[in-house]
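Worksheet for the structure shown next.
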Amino acid sequence: MPASDMQETIIYKGPSVQMRDWSVNADIQRDVFQGLRLGDDVRFYVSNVKDGAAIKLADTQWAAFDASVDGAQVAGDYFTWSINDQMQLVKLQLAGPDGVVMHVGGKGYQLDRISVVRCVAEPDPDVSTAQRAPKEYKLRPGELFRGEMEFPNDFSANLRISAEQFQELTTDYAIVVYYRPLPGVAEAGIQPKLSFRENKGDWYDLTGAHDPVWYDLNGRNMILHINDVMLDKLKTRGFVLTGQGFVLTKMLIINEKPQ
């Protein structure tokens with residue numbers, strides 16, 4: 001999308017807070033997020049980033065807003081949190097008595113400012129020159145995704161797959177992920193990886209574990225073999241694919257034990 005179609009507004013200008021360890025936090029008032037809406041990206045601008053830097057965005061009960069911001073890696077000039085769930089907006093209205101609605105914490109970085117990035121493009125009534133997806137990008141039987149979706153190195157991207165896709169699934173099946181690494185990840189020492197989370201609540205791992213299970217992407221297609229626990233979550237909740245350092249090109253369901 002052209003940069004001219006995006007609008008960035010600074011909503012928090014400091015003071016800067018050095019997150020030397022997990023005991024330090026920046027308390028953000030509810031009014032800072034006034035007017036936030038679905039589809040917005042919240043950028044947390046950082047500096048003095050150290051090796052192993054991580055960020056946590058906590059609510060008034062000190063629980064992470066969602067799994068994607070519970071100790072996520074910090075790299076570059078900013079960390080992006082995408083607002084794609086109504087529950088995120090609801091939590092950002094639940095301030096404590098002091099008006100604080102978010103505790104920004106973590107370790108190994110300095111928080112300098114926060115902004116909101118929003119698409120402000122107006123629909124073009126002339127569709128004669130509109131770019132259309134290649135024909136092969138249309139989903140075929142057994143496919144969950146086909147196209148190109150970038151998973152940046154800041155863990156800001158995720159893809160939701162609804163439970164309707166899995167109603168006829170059994171443990172004879174597996175999910176296969178096709179991808180390619182993002183340019184420069186090897187030189188930067190970044191390990192491309194992904195995880196499957198349940199599409200509900202706190203995004204617990206699809207395996208049933210409280211903490212995410214990460215699968216390193218080392219060049220071969222990634223295959224998730226489905227067990228009974230995963231099957232139940234897939235049929236009732238679906239899943240969220242999240243990760244870093246790769247471009248997702250295809251994801252499909254295969255029968256590992258065809259008749």
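Identify the residue in segment 108-160 that is among the acidic types (Asp, Glu) and either open to solvent by less than 40 Å² (accessible area, probe 1.4 Å) or modelled with pLDDT under 85 (or both) and, among all such residues, is nearest to Asp202 (Cα to Cα). Only one residue fits best here, namely Asp154. Looking only at segment 172-212, how many residues end up being assigned to a loop (DSSP other than H, G, I, E, B), of a type in the set (Asp, Glu) and under 23 Å from Gln61 (Cβ atoms)? Summing the residues that are assigned to a loop (DSSP other than H, G, I, E, B), of a type in the set (Asp, Glu) and under 23 Å from Gln61 (Cβ atoms) in segment 172-212 gives 2.
Once segment 202-221 is narrowed to residues that are crowded, with 17+ Cβ neighbours inside 10 Å and among the aliphatic types (A, V, I, L, M), the residue that is farthest from Leu234 (Cα to Cα) is Leu217. Could you tell me whether segment 48-56 includes any residue that is open to solvent by 10 Å² or more (accessible area, probe 1.4 Å), basic (Lys, Arg), at pLDDT below 90 and not in a helix (DSSP H, G or I)? The answer is no; no qualifying residue exists. Checking each residue in segment 144-171 for being assigned to a loop (DSSP other than H, G, I, E, B) and over 21 Å from Leu182 (Cβ atoms) picks out Ser162, Gln167, Glu168, Leu169, Thr170, Thr171.
Applying a threshold of 8 Å to beta carbon distances and a minimum spacing of six or more residues, or different chains, the list of pairs starting in segment 12-29 at a residue that is without any contact (Cβ under 8 Å) to a residue 60 or more places away in the chain and within 12 Å of Tyr45 (Cα to Cα) and ending at one that is surrounded by 13 or more Cβ atoms within 10 Å (Cβ to Cβ) and of a type in the set (D, E, K, R) is empty.
The values are calculated or read from the model by the stated rules, or taken from the named source; none is laboratory data. Every value quoted in this text rests on a predicted model; they were computed, and no experiment measured them. Virtual Cβ from ideal backbone geometry, glycine too; neighbours counted across all protein chains shown. Please note that ligands, DNA and RNA were not included when accessible areas were found on the heavy atoms of the full protein model with its side chains. Shrake-Rupley method; radii C 1.70, N 1.55, O 1.52, S 1.80 Å.
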